[in-house]
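This report concerns only the one structure given below.
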Amino acid sequence: MRITRVLAASVVSAAAVASLGVTAPAAVARDGMGANPSNIVALPAVIARGGQMTVTVDGCPSGGTMTSAAFPQANLTPINGANQTAKGTATINENARPGTYDITVNCSGRTLTRPAAFTVIGGVRGGLGGSTTTGATPTDMAIGGGLVAAALVGGGLFWMRRRAERRV
């Protein structure tokens, strides 16, 4: 009977030690000591100037900051329910040049850079139909004039032919 009690007590104490061993790393991670940023994901990966982009980072339990040459510094906030993942939103500068850009993340003093994380494309000129000039060019006028002349000649030949068929 004594052996059973000793065995039961040792099992209970082993369970307590095991649960302490499992919760200790989680406590360290909440304090930011266990931050190890990895897997930087920028969506959308191709974006126009002035657009908003969402960045997620794994291994960043306390949040942090993100920077790039294409946008000002933005905050990363922890995602509730996600295992040590943080998320942030950045707005691409209106004057950002088209090309690929890196993102650098800082989580609790640890930094990680993802090269070529996203691509900025040139913005569109809305309302202008993509045109940057006004009016018709001399080439446009020549092509239009040629088409009108061809239509007149073709119409005249058709009319003359129809007129000749009626006389026969």
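The values are calculated or read from the model by the stated rules, or taken from the named source; none is laboratory data. As the structure is a prediction and not an experimental result, all values here were calculated from the model. Accessible surface is based on the protein model in full, side chains and every heavy atom, while ligands, DNA and RNA are left aside. Shrake-Rupley method; radii C 1.70, N 1.55, O 1.52, S 1.80 Å.
Here is how the numbers come out for the structure above:
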{"quantity": "Filter pass, Gly156 being at pLDDT 90 or above and either open to solvent by 90 Å² or more (accessible area, probe 1.4 Å) or assigned to a helix (DSSP H, G or I) (or both)", "calculated": "no"}
{"quantity": "Residue count for segment 93-124, restricted to those that are in a loop (DSSP other than H, G, I, E, B) and more than 26 Å from Asn36 (Cα to Cα)", "calculated": "9"}
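Conditions (1) open to solvent by 50 Å² or more (accessible area, probe 1.4 Å); (2) at pLDDT 90 or above; (3) assigned to a strand (DSSP E or B), marked per residue:
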position	(1), (2), (3)
Val28	yes, no, no
Ile40	no, yes, yes
Thr54	yes, yes, yes
Asn75	yes, yes, yes
Asn80	yes, no, no
Asn83	yes, no, no
